[in-house]
Structures are given as structure tokens and as C-alpha cells.
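Comments concern the structure below.
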Amino acid sequence: MSRLLSSLPKWLARWCMVFGALCVPASANAQSIVADLSTREVAISTGFTGAELLLFGATEGFGDIVVTVEGPKRDEIVRRKERVAGIWVNGTSVTFEDAPAYYRTAASKPLNEIASAQALEKLKIGSGRIDLTTRSQDSAERVLKFRDAFIRSKKRQALYSEDISDIRIIRGRLFRSTIPFPVNVPTGTYQVTVHLFKDGRLVSSEKTPLTVHKVGLEAKIYDFAHDHAAWYGIIAIVIALVAGWLAGVIFRKA
Amino acid sequence: MQIYLPIAEMSLNALMLLGLGGMVGFLSGMFGVGGGFLMTPLLIFIGVPPAVAVGTEANQVVAASVSGALAHWRRGNVDIRMGVVLMIGGFIGSTLGVSLFTFLREIGQIDFVIAVSYVLFLGIVGILMVVESVRAWFRSRNPSAPRRKLHHHTWLHGLPFKMRFRRSKLYISALLPLGVGVVVGILAAIMGVGGGFVMVPAMIYLLGMPTSVVVGTSLFQIVFVTANVTFLQSVNNQTVDIVLAMLLVVGSVIGAQIGARVGSRLRGEEVRIALGLIVLAVCARVAWTLVVTPDDVYSLGIGGAH
């Protein structure tokens with residue numbers, strides 16, 4: 001919350017820009033949607049327990065708004081447990097390539113009331129419609145089961161979410177939406193897209209990038225562990241040796 | 001007070017981790033064991049990824065064993081020659097173990113292998129401990145009962161490369177302690193333990209070492225082997241979380257001191273029966289996770305970015 005408050009002046013400035021844009025009479029084909037985020041970065045520091053960003057903007061006149069947030073892409077493996085002699089063991093697996101690590105859809109009303117299924121399919125809006133490619137040789141039916149399981153697992157981890165009541169439209173012009181990030185949020189670049197639909201047709205969309213990264217000591221430790229793994233190991237050992245020895249000395253005197 | 005763990009990539013309550021370290025430290029001080037075999041499953045139960053729990057625990061065991069090892073060293077309770085042979089075996093075993101760990105992690109079976117190893121070893125050791133200490137307890141009440149033979153010769157004593165271990169008053173094949181070291185090294189890598197609960201009985205019953213040097217020599221070996229595991233896990237898997245390890249270390253060194261004071265007032269057999277029961281309880285809890293039907297038979301693993 002403190003982060004939100006500290007960035008308030010900038011945030012106010014952006015609101016003013018939004019109002020400014022509204023006041024200027026625009027031609028019919030001009031940008032008919034403007035949006036911005038309360039902050040362009042989510043910093044993971046020592047006390048990080050998750051974060052919530054505020055997305056806000058304005059449209060020219062009435063319409064329906066759909067916001068999608070797509071996280072960094074990476075390969076994700078889904079494994080299926082099988083019962084072998086009474087014990088559950090990981091069996092077959094399917095790897096989805098370049099799957100978004102985070103995905104959120106928020107809309108001002110149920111998606112099927114905003115646009116047709118074909119239109120949504122084309123724009124890949126909704127977690128059920130995202131691209132998940134695999135080189136798995138399994139049958140399409142089985143891959144589909146893994147796909148459903150992937151989305152289900154992601155939702156359980158709060159990394160995939162759908163929210164149809166979240167976007168509030170104020171006087172048909174201003175809108176705001178919150179983007180929640182759980183504590184296990186993957187680091188990387190995120191893409192926030194605001195779509196404006198009118199009568200089931202996409203009239204405008206605006207993309208805003210967003211970065212999630214570790215900061216401070218946490219970032220340093222993580223980077224060091226990956227970039228200088230051998231030194232990290234040696235330092236871990238030295239710290240442990242000193243801590244153990246020190247404890248022995250202190251308690252022997254006490 | 002939530003604290004973000006940079007390698008585990010999750011937030012946990014720092015006070016809870018200190019308390020957990022303190023509790024396990026208390027038990028390890030009371031029973032004179034490393035505590036890794038309790039800490040690793042507990043970390044997994046609270047949601048730490050098993051691979052991170054194992055890697056971090058190896059690091060914590062380094063800290064937990066070093067002060068004990070130094071104390072025994074000063075009192076001359078370390079058979080250095082034996083310790084070095086065990087250590088060489090331990091280096092071989094733990095290096096093999098970490099490679100095996102990396103391989104199992106890649107094929108998605110590491111969680112399963114960790115759980116099965118725990119069930120197997122805790123089960124065997126727990127049962128042996130309870131049986132042995134119940135027997136000893138009865139013997140202490142009935143001193144006229146016949147005593148077991150202390151030492152018997154088997155084919156193990158006919159192995160080549162005989163070495164004299166003066167401090168242990170032994171003349172045995174170097175292959176024996178080397179083999180024990182290899183097995184314990186593998187366990188240390190896969191289970192995130194020091195392996196004292198396997199090594200101490202092996203030293204007494206298999207090698208026939210006098211009890212006076214057993215604990216010191218095993219601690220001496222554990223420090224080096226867990227240091228090796230920490231290093232290799234850091235290099236191969238990046239699964240050692242320094243922040244988590246430090247919180248556990250602080251809790252456990254304090255707990256261990258209190259535990260040691262309480263333990264010295266209890267009777268040996270009763271303490272061992274209690275420890276045996278705790279070991280069996282942890283074993284049962286881990287076994288339960290293997291047989292209970294999961295909420296979702298599908299689970300996610302990360303393939304890594306490219």
C-alpha cells in the first residue's frame with residue numbers, strides 16, 4: 001500500500017492527462033481509449049506478500065471494456081500422477097511451450113455479452129482461448145485434458161484469473177480495474193492490454209508493458225545464486241561454518 | 001512477520017521459521033541427532049519446494065554440526081584416519097547423489113524419490129531404534145539376562161585393503177568405511193540430512209568402532225559431506241536458500257542448547273524410545289502423502305525459459 005501512496009503524485013498527474021485527453025474534442029477515428037497503470041513495476045522485496053496494481057483510463061463514450069494481462073512466456077510441464085502399487089507416482093507429462101506464466105482477464109460484463117465467441121477466439125481473450133502449443137505426440141483428447149489441468153493448476157496458484165465484475169465504469173467514460181499479483185508472481189515483462197468493444201466489435205485497444213522484478217537484497221541473492229553459483233555455494237558454506245562455530249563459542253561461555 | 005525467500009520464491013513467516021528451527025534444534029540437542037531428517041519433511045509440509053528444502057537443509061546441517069564437531073575434536077574424540085576415509089566415501093557418494101538428484105529433478109521424479117527415501121530409511125531406523133531400546137530397557141530391569149556378543153566376524157572382515165585405525169582400535173578393510181561413506185553421502189544429497197542416523201549405527205554395528213569416538217567422527221564427516229552437498233546443489237540446481245538456512249540456523253542453535261540440557265537429565269533408553277517414535281511418526285506422515293489420493297492428479301512443473 002505504501003508503494004501506491006508514494007507514487008500518488010505521478011498517479012495524479014496521469015489522471016490529469018486522462019482528463020486532458022477527454023477535454024480535447026477528438027475526431028471519430030482518433031484514439032478512443034486511454035489507460036495507464038498506478039505503477040509500471042512490481043518490486044519484490046523482503047516483505048513482499050503480493051501486490052495490487054490499479055489500472056485506470058477513459059473512453060470516448062459508451063462501450064464495453066476487457067482488460068487482459070499476460071505474463072512472461074516460458075515452457076511449463078504438466079505431469080499426471082498415476083497409481084502404481086498403491087503409490088501415486090508422476091507418470092506421463094506434456095510440455096506447453098511459451099505458455100504465459102500469468103494470465104488475467106477482467107471485463108465490465110460477462111465476455112459472451114461483450115463479443116461473439118469467434119471474435120474472442122480471434123483476439124485470444126480468456127484463459128480458455130490462449131495459445132498453448134506442444135510437441136507432445138499424445139492424442140488431441142489427452143492433450144486437451146492436460147491443457148485443462150494446466151489452466152486449473154494456474155488458477156489454483158492464483159496466477160490465472162478471470163473477473164467479470166472487477167471493472168468499474170464511472171459515468172460511461174472513466175474506468176478502473178485492479179490487477180492482483182500473488183506472492184508467487186513470476187518475474188519478467190507483462191503486457192497489459194485494454195480492449196474497447198462497441199456493439200460486439202473491437203474498436204480500440206491499448207497496450208502497456210509492466211515489469212515484475214526482485215529488488216534489493218533478494219534480487220542480489222537470487223542473481224548471485226544463478227550467475228555465480230560456485231561462489232554462492234562457497235559463501236553459503238562459510239556463513240554456515242562461522243554461524244555454527246560462533247554459536248558454540250557463545251554458548252560455551254554462557 | 002512475512003519474509004520473502006529469494007530461492008524458494010515464496011513468503012513465509014520469519015517467526016514461524018525461527019520457531020521451527022528452535023523446535024527441531026531442541027529435539028536434536030536432546031537426542032544428539034542432526035535434525036535434518038525432521039526439518040526437511042517439515043519444510044516440505046509447510047510448502048517449501050522439496051528440492052529447495054533438501055538443498056537448504058544440507059547447508060543448515062553444516063552449521064548445526066560444526067560446533068559439535070569442534071567440541072569433540074578438542075576432546076580428542078575424533079578418529080581422524082577413519083574420518084578421512086569416511087569423508088572420501090562421502091565425497092564420492094554425495095557427488096553421485098547430487099547428479100542423481102539433478103537427473104531425477106529433470107524427469108520429474110525427485111519429489112517421489114525424496115518421499116520414498118524418507119519412508120524407507122525412517123521406517124527401518126525407527127523400528128530398529130524402538131526395538132533396540134525396548135530390549136535395552138528390559139535388560140536394565142533384568143540384569144541377569146544373557147548379553148549379546150559384542151563383536152562377531154563375518155565375510156566383511158575378509159575384504160582387502162586392510163588399514164589400521166589406532167584411535168578406534170580396529171584393523172579392518174578400508175573398503176568398509178569407504179562404502180559406509182558412499183551410502184551416507186548419497187543419502188545426504190537426496191534427503192538433505194547429515195546421515196548420522198544411518199552412520200552412527202553403521203559405525204557401531206558394522207565397523208565395530210568404540211562408542212567414545214563414534215559421535216565425534218561422524219560429526220567430523222558430516223561437516224565435510226554436507227558442505228560438499230551445499231556446494232554441488234548450489235552449482236547444479238541453485239536450490240540452496242541462504243535466507244531460509246540462516247533463519248533455521250539461528251532457531252536451531254538456540255533450541256539445541258536448551259535441548260541438550262533437558263536431554264542430560266533423561267534416561268538413555270527412554271530418550272531413544274521417544275526418538276524412535278518421533279522418527280516413525282514422521283515416516284508415517286510422509287508415507288501418507290504417497291498413498292492418499294491427490295486433490296488433482298495433474299501438477300505443474302517448470303520447464304524453464306528459453
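The values are calculated or read from the model by the stated rules, or taken from the named source; none is laboratory data. Here the structure is a predicted model, which means the values were calculated and not measured. Please note: Cβ atoms are built from the backbone with ideal geometry, for glycine as well, and neighbour counts cover all protein chains shown.
Within the stretch B:240-258, being farther than 18 Å from B:M16 by Cβ and either of a type in the set (G, A, S) or modelled with pLDDT under 85 (or both) holds for B:A256, B:Q257. Scanning for something of a type in the set (G, A, S) and more than 14 Å from chain A (Cβ to nearest Cβ), does the stretch B:221-237 turn up at least one residue? No. Taking the criterion of being touching a residue at least 60 places away in the same chain (Cβ under 8 Å), surrounded by fewer than 22 Cβ atoms within 10 Å (Cβ to Cβ) and hydroxyl-bearing (S, T, Y), the only residue of the stretch B:194-251 that qualifies is B:S212.
Can you tell me which residue is surrounded by the fewest Cβ atoms within 10 Å (Cβ to Cβ) among those in the stretch A:179-194 that are in contact (Cβ under 8 Å) with a residue 60 or more places away in the chain and not in a strand (DSSP E or B)? The residue in question is A:P182. If I go through the stretch A:216-239 residue by residue, how many of them are more than 7 Å from chain B (Cβ to nearest Cβ) and acidic (D, E)? Of the residues in the stretch A:216-239, 2 are more than 7 Å from chain B (Cβ to nearest Cβ) and acidic (D, E). In this structure, B:G47 does not satisfy being at pLDDT 85 or above, touching a Leu at 6+ places or on another chain (Cβ under 6 Å) and within 14 Å of chain A (Cβ to nearest Cβ). If we keep just the residues of the stretch A:229-254 that are at pLDDT below 95 and not hydrophobic (A, V, I, L, M, F, W, C), which is farthest from B:V62 (Cα to Cα)? Looking at the filtered set, the residue picked out is A:K253. Within the stretch A:167-178, being part of a strand (DSSP E or B) and not β-branched (V, I, T) holds for A:R168, A:L174, A:F175, A:R176, A:S177. Taking A:V69, is it within 18 Å of the chain's Cα centre (by Cα) and more than 7 Å from chain B (Cβ to nearest Cβ)? Yes, satisfied. Here is the figure for the stretch A:86-103: residues that are more than 7 Å from chain B (Cβ to nearest Cβ) and either over 19 Å from B:L104 (Cβ atoms) or in contact with a Pro (Cβ under 9 Å, 6 or more places away or on another chain) (or both) total 9. In the stretch B:259-270, the count of residues that are out of contact with any helix residue (DSSP H, G or I) (no Cβ under 6 Å at 6 or more places or on another chain) and modelled with pLDDT of 90 or more is zero. How many residues does the stretch B:264-296 hold that are part of a loop (DSSP other than H, G, I, E, B) and of a type outside the set (K, R)? Here the count works out to 7.
Per this entry, A:G86 is counted among residues that are at pLDDT below 90, over 28 Å from A:I114 (Cα atoms) and more than 23 Å from the chain's Cα centre (by Cα).
Every residue, every condition in (1) basic (K, R); (2) in contact (Cβ under 8 Å) with a residue 24 or more places away in the chain, yes or no:
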{"residue": "A:D166", "(1), (2)": "no, yes"}
{"residue": "A:R173", "(1), (2)": "yes, yes"}
{"residue": "A:S177", "(1), (2)": "no, yes"}
{"residue": "A:F197", "(1), (2)": "no, yes"}
{"residue": "A:H213", "(1), (2)": "no, yes"}
{"residue": "A:G216", "(1), (2)": "no, yes"}
{"residue": "A:K220", "(1), (2)": "yes, no"}
{"residue": "A:F224", "(1), (2)": "no, no"}
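Of all the numbered requirements in (1) closer than 30 Å to A:K122 by Cα; (2) more than 10 Å from chain B (Cβ to nearest Cβ), A:H213 misses one, and that requirement is (1).
Filter the stretch A:44-54 down to residues that are within 13 Å of the chain's Cα centre (by Cα) and within 13 Å of another protein chain (Cβ to nearest Cβ) and give me whichever is surrounded by the fewest Cβ atoms within 10 Å (Cβ to Cβ). Only one residue fits best here, namely A:G50.
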